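*Asks:* First the structure, then my questions, so here it is.
The values are calculated or read from the model by the stated rules, or taken from the named source; none is laboratory data. Nothing here was measured: the structure is a model prediction, and the numbers come from that model. As a convention, Cβ positions derive from the backbone with ideal geometry for all residues, glycine included, and neighbour counts pool all protein chains shown. In case anyone asks, the SASA skips ligands and DNA or RNA and just uses the protein heavy atoms, side chains included. Shrake-Rupley method; radii C 1.70, N 1.55, O 1.52, S 1.80 Å.
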Amino acid sequence: MERIARRLHKLTSHIRVPTAGRSAVAARCAVSAKDVALTGHYSKLTGVCAEQAVRAFRGEVPVKSDDGFAIATFAGGCFWGPQLLFDRINGVVASSVGYAQGDTERPYYSAICDGRTGHTEAVQVYFDEQVVSYEELLNEFWSFIDPTVHNGQGHDFGTQYRTGIYYHTESQKVAAKASAAQEQKKWKAPIATEIQPARVFWPAELEHQNYLVSGGRFGRAQSNEKGCKDRIRCYG
């Protein structure tokens, strides 16, 4: 009976529970991780962010989410805006902002802002390949950034604001490089956006998740409804 109970717990821990302002996947119960002791801000994360934290503590770079969705990782300057950009796309089932491509484990916001860890602010997207393609995500990404700017976007500058496409599969690598070649034709200056294999993704603190939907710096909430075309205000 104890084995059955454990099995039922494992199965039900992945049930999706819809809540206002989130996708069903993003709102599901926290990942069961008896073999991983999350510490720091990672211990406070739930849903998809908790799933990503568990993977990070294990040193894993997944190709699929626990629910079988494809994964894509992008860096487009300050991570608040890119998260809202991708959340509005049909077929994106969940997203999280966090720290990618760095050299230290368990980074936190103030450390990455000082440039001490080598990370860039990034958004990791779970998407349904039957609804939206990786190539479509790439197109949205290019439309949102100025890829010729080194280590910055908008008014934000520093290595943590560099732009990048971090591929999880060989097919993503091919698609990313092909799209970059096409994008380069639109610019006279060389593209600075890096294309690299994805490394461990560390989800950011709770206060950074869905920051613009929550109101941002100025308390003006922005919509993450699918298909929304409202201009994204980078700080709220």
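*Asks:* Name the pairs: first residue in the stretch 137-157 and over 29 Å from Asn90 (Cβ atoms), second residue in a strand (DSSP E or B) and open to solvent by 70 Å² or more (accessible area, probe 1.4 Å), Cβ to Cβ under 8 Å, at least 6 apart or on different chains?
*Replies:* Matching pairs, first to second residue: Asn151/Phe157.
*Asks:* Related question: Considering each of Gly59, Gly98, Gly102 in turn, give the residue that is modelled with pLDDT of 95 or more, out of contact with any helix residue (DSSP H, G or I) (no Cβ under 6 Å at 6 or more places or on another chain) and over 16 Å from Glu121 (Cβ atoms).
*Replies:* Just a single option satisfies the conditions, and that option is Gly59.
*Asks:* Answer yes or no: is there a residue in the stretch 181-188 that is out of contact with any His (no Cβ under 6 Å at 6 or more places or on another chain), at positive phi and part of a loop (DSSP other than H, G, I, E, B).
*Replies:* Checked the stretch 181-188: no residue is out of contact with any His (no Cβ under 6 Å at 6 or more places or on another chain), at positive phi and part of a loop (DSSP other than H, G, I, E, B).
*Asks:* It is to be established whether one or more residues within the stretch 203-212 are open to solvent by less than 30 Å² (accessible area, probe 1.4 Å), among the aromatic types (Phe, Trp, Tyr), closer than 21 Å to Pro107 by Cα and not in a helix (DSSP H, G or I).
*Replies:* No, the stretch 203-212 contains no residue that is open to solvent by less than 30 Å² (accessible area, probe 1.4 Å), among the aromatic types (Phe, Trp, Tyr), closer than 21 Å to Pro107 by Cα and not in a helix (DSSP H, G or I).
*Asks:* Filter the stretch 115-148 down to residues that are open to solvent by less than 20 Å² (accessible area, probe 1.4 Å), in a loop (DSSP other than H, G, I, E, B) and over 17 Å from Ile232 (Cα atoms), then give me how many there are.
*Replies:* Result for the stretch 115-148: 4.
*Asks:* Still on this structure: Among the residues of the stretch 149-163, count how many are touching a Phe, Trp or Tyr at 6+ places or on another chain (Cβ under 7 Å) and either open to solvent by less than 30 Å² (accessible area, probe 1.4 Å) or assigned to a helix (DSSP H, G or I) (or both).
*Replies:* Qualifying residue count for the region: 2.
*Asks:* Also, I was wondering about something else. Consider the stretch 72-109. How many of its residues are part of a helix (DSSP H, G or I) and either open to solvent by less than 20 Å² (accessible area, probe 1.4 Å) or closer than 19 Å to Trp142 by Cβ (or both)?
*Replies:* The total comes to 8.
*Asks:* Take the stretch 179-199 and flag every residue that is open to solvent by less than 70 Å² (accessible area, probe 1.4 Å) and farther than 16 Å from Phe74 by Cβ.
*Replies:* Of everything in the stretch 179-199, those that are open to solvent by less than 70 Å² (accessible area, probe 1.4 Å) and farther than 16 Å from Phe74 by Cβ turn out to be Ala181, Gln184, Ala189.
*Asks:* When only residues in the stretch 13-56 that are of a type in the set (A, V, I, L, M, F, W, C), modelled with pLDDT under 95 and under 15 Å from the mean Cα position of the chain (by Cα) count, which is most open to solvent (accessible area, probe 1.4 Å)?
*Replies:* Here the residue is Ala26.
*Asks:* What pairs come up if the first residue lies in the stretch 219-236 and is closer than 14 Å to Cys78 by Cβ and small (Gly, Ala, Ser), the second is part of a loop (DSSP other than H, G, I, E, B) and open to solvent by less than 40 Å² (accessible area, probe 1.4 Å), and their beta carbons are under 7 Å apart, counting only those six or more places apart or on different chains?
*Replies:* Gly236/Leu212; Gly236/Gly215
*Asks:* Residue under question is Ile112, and the condition is that it be among the β-branched types (Val, Ile, Thr), open to solvent by 20 Å² or more (accessible area, probe 1.4 Å) and touching a residue at least 40 places away in the same chain (Cβ under 8 Å); does it hold?
*Replies:* No.
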